[in-house]
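What follows is a short report on a single structure.
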Amino acid sequence: MPRLHIDDPARAVPAPASPTRNPMPGLTSHPAPAPAGRVRVPGDKSVSHRALMIGTLSVGETVIDGLLDGEDVRATAAAMRALGAEVHRMEDGRWHVHGVGVGGLMEPAGVLDMGNSGTSTRLIAGMLAAHPLTAFLTGDASLVKRPMDRITGPLGRMGARFVCRSGGRLPMAVSGTDRLVPITYELPVASAQVKSAVLLAGLNTPGETTVVERMPTRDYTETMLRHFGAEVRVAPADGGGEAITVVGQPELTARPVVVPGDISSAAFPIVAAAIRDGADLTVENVGLNPRRTGLLTTLAEMGASIEHLDPRIEAGEAVADLRVRGGGLRGVEVPAERAASMIDEYPVLAIAAACAEGPTRMTGLAELRVKESDRLEMTARGLRACGVEVEDGPDWMVVHGTGRPPPGGATVETALDHRIAMSFLVLGTAASAPVAIDDDAPIATSFPGFAALMQGLGAVLAPSAGG
């Protein structure tokens, strides 16, 4: 991939890694004391992506505090530069985006390498669809297996053209146009990425573009579009659910953004505390968007004590510090309608279930099959390797906990999936014997500093022998 010119290289982030990962040593997680203390997790990945993208489509300079400085977000930053924005990470950690305005994207000179980020790929495809240009997107060995037809379908109806590999997979060519037609599109599956791709395409489309969702998904795109001055309406949909409408061709104005801590990253230390008697952990500055808090609801039902301290609003998003005291978890039934609010947290929830008393049944999990890996399969396989009884089907899983520490003593395949890797490292802190993962490199895509944070809480993580 060509290196892109940056006007201030000393202050700009480097280009993201190539799609081919160099194998890294795995990690082994050893039984450890119950975690205690205070920690702060990196910025929310979903908010970080959208701040860079919508800042690019705005006029003026957007200053972002707390942006996640991980590989996925760096891929988005590099793509925004390639599309004409000026994007810098300053010495104080703030990011500055000088946008090009709605309709102002330029044709990129090289292939847009999205690394491991499905969110970046799908949302950027929506942006590209509404511009008269041709662009090519690719990704790493995991991303090129993920389906893109769920976005090429509605964006194609609006007038954009796409060429993908079989199965709607990357690499993908996008031929956009500034003559898209607005549509009303009902989501066939609950997906904030698909909803966001259509709404972002609707920004540079005359008239009103509407997405109907029967089950609520995370609404960061709608919130941030309003923050930058777009007109976004939400109304009850005929037959149930919501109809989200964006009015096309606004002038978005640069605004400051404060990124809260990512609840999906906070999930790992939270579960590490929830599964241990005597744990007392506070995770600071966690974003608590009500469409993202399904894990907290479920852990509370299982018996975990989770207090919300200093609740507040920052940049339109709910934020609080979470104090977690663990032990004594019991199995529960997790309803399918909760899946959209915790879809990324099911692997680590399964770790909590493995340490609980009795079965935990999770349904509505079909979306896990098309994440960075087949997360349902990889979670079930890893738990079985660690001596946990698991049943699973096309869209469900039952984890049979015994109320005692799981046996552990296995090396778990991660399939280049950061959430699988971190989940089983959490299991290793509570298991009877160490748990190893085959590759820790993917963790940097979403949670740089994960190992150091966990070690600061008492976890014992070491390179795997022969890794």
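Using label points projected 7 Å from each Cα along Cα→Cβ, tell me how many nm separate residue 462 and residue 253, to one decimal.
5.9 nm
For residue 214 and residue 94, what is the calculated FRET efficiency with R₀ set at 30 Å and r taken between the beta-carbons, to the nearest 0.05?
0.15
Based on C-alpha coordinates, I'd like the Rg and Dmax of region 73-169, in Å.
13.9, 45
Any idea what the alpha-carbon Rg over 2.2 N^0.38 Å comes to for region 407-455?
1.07
Kindly state, to the nearest 0.05, the FRET efficiency for residue 313 paired with residue 377, given R0 = 35 Å and r defined as their beta-carbon distance.
About 0.35, to the nearest 0.05.
Cα convex hull of region 45-257: mean projected area in nm², to one decimal?
Reported value for the Cα convex hull: 10.4 nm².
Cα-based Rg (one decimal) and Dmax (whole number) for region 296-360, in Å?
13.2, 41
Rg/Rh for region 126-235 to two decimals, with Rh computed the Kirkwood way over all alpha-carbon pairs.
Rg divided by Rh gives 0.96.
How long are the three semi-axes of the equivalent ellipsoid for region 369-418, computed from the Cα gyration tensor as the root of 5 times each eigenvalue, in whole Å, largest first?
19, 15, 7
Note the full-extension length gain between residue 433 and residue 361 as 0.36 nm times their separation in residues minus their Cα-Cα distance, in nm to one decimal.
So the chain would gain 23.4 nm between residue 433 and residue 361.
Can you tell which of 457, 130, 49 lies farthest toward the positive end of the dipole of the chain, using +1 and -1 charges on the Cβ of basic and acidic side chains (Lys, Arg; Asp, Glu)?
Value: 130.
Give, to the nearest whole percent, the P(r) tail of region 154-205 beyond 14 angstrom, counting all Cα pairs.
Taking all Cα-Cα pairs of region 154-205, the fraction more than 14 Å apart is 56 percent.
Bear in mind these aren't lab numbers, they're just calculated from the coordinates by the rules spelled out. As the structure is a computational prediction, the values presented were derived from the model and not from experiment. FYI the Cβ positions are ideal-geometry reconstructions off the backbone, even for glycines, and counts take in every protein chain you see.
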